[in-house]
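Reading through the structure tokens given below for one structure.
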Amino acid sequence: GAVVSQHPSRVICKSGTSVKIECRSLDFQATTMFWYRQFPKQSLMLMATSNEGSKATYEQGVEKDKFLINHASLTLSTLTVTSAHPEDSSFYICSARDPAGGLTDTQYFGPGTRLTVL
Amino acid sequence: DAKTTQPPSMDCAEGRAANLPCNHSTISGNEYVYWYRQIHSQGPQYIIHGLKNNETNEMASLIITEDRKSSTLILPHATLRDTAVYYCIVRKAGNTGKLIFGQGTTLQVKP
């Protein structure tokens with residue numbers, strides 16, 4: 001299957017700082033990428049849909065000014081957690097849609113980024 | 001997107017087939033059934049997907065009932081490395097469909 005990478009895999013930051021997470025599709029071009037968040041012992045929660053060259057679409061309840069998403073190229077999307085606080089500590093996972101399958105396109109996930117805010 | 005119902009947990013003996021059920025009684029005609037799994041502290045891994053025909057790949061088989069209201073993921077010879085949370089997701093075809101994760105089934109493969 002297609003490969004999606006994330007960087008960094010782990011980050012620890014102080015409260016009030018901003019953190020940027022990168023998501024890259026390594027062997028395909030992804031016009032659409034997605035960002036999820038997962039708290040311990042819970043399922044993945046979709047935060048936003050990122051489309052190359054346009055503004056991201058956020059799910060209800062997700063603050064767009066706090067979670068800035070940029071999808072500047074067909075292989076890179078970034079999520080910036082601004083003014084992070086301890087309650088933002090979570091596992092952030094991106095996915096990229098491989099359009100090769102047409103109507104049955106498949107999403108492939110990155111390995112995740114563990115964010116800890118002190 | 002249609003909701004799915006899965007048992008919260010299942011056990012399976014190593015080397016035996018693992019059959020994971022999923023109910024999606026409100027599925028629409030243009031919605032596909034996708035299966036992913038998540039091993040602890042990793043991103044989800046794509047397993048298989050289908051519309052109405054049974055599907056098989058190197059990882060698993062997907063059996064969809066004729067009325068499409070339920071499906072079963074089959075891991076033919078489970079190993080300890082198959083221990084994971086398995087998610088059954090119904091998603092609309094095309095670029096408007098989103099993967100919305102439920103609680104999934106925690107499969108424990110035991111020696």
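Read-outs: derived from the displayed coordinates by stated rules, not from any lab. All values reported here derive from a predicted model rather than from experimental measurement. Cβ atoms come from the backbone with ideal geometry, glycine included; neighbour counts cover every protein chain shown.
In this simple spin-label model, placing a label point 7 Å from the Cα along the Cα-to-Cβ direction at both B:ASN23 and A:LEU68 gives a separation of 4.7 nm. Across region B:32-44, coupling constants 3J(HN,Hα) worked out from phi with the 6.51/-1.76/1.60 Karplus curve, θ = phi - 60°, read 9, 9, 10, 10, 10, 9, 10, 7, 2, 6, 10, x, x Hz, and Gly and Pro carry x. 3J(HN,Hα) along region B:84-90, derived from phi through the Karplus expression 6.51 cos²θ - 1.76 cosθ + 1.60 where θ = phi - 60°, amounts to 5, 9, 10, 10, 9, 9, 9 Hz, with x in place of Gly and Pro. Convex hull volume of the C-alpha atoms in region A:31-118, normalised per residue: 108 Å³. Close amide H partners of B:THR83, meaning residues 5 or more places away or on another chain with modelled amide H under 5 Å apart, are B:VAL109.
Around the Cα centre of chain A, unit charges on the Cβ atoms of Lys, Arg, Asp and Glu (plus for the first two, minus for the last two) sum to a dipole of about 320 debye.
Toward the positive end of the charge dipole of chain A, about the Cα centre and with charges on Cβ (Lys, Arg +1; Asp, Glu -1), which of A:THR80, A:THR49, A:VAL11 goes farthest? Of the options given, the answer is A:VAL11. The three principal axes of the Cα atoms in region B:46-111 give end-to-end lengths of 41, 23, 20 Å, sorted in falling order.
Note on B:LYS92/B:ASP11: beta-carbon distance plugged into 1/(1 + (r/R0)^6) with R0 of 30 Å gives a FRET efficiency of 0.35. The eigenvalues of the Cα gyration tensor, multiplied by 5 and square-rooted, give chain B an equivalent ellipsoid with semi-axes of 23, 15, 12 Å from largest to smallest. In the protein assembly as shown, Rg over Rh equals 0.97, where Rg is the alpha-carbon radius of gyration and Rh the Kirkwood radius from pairwise Cα distances.
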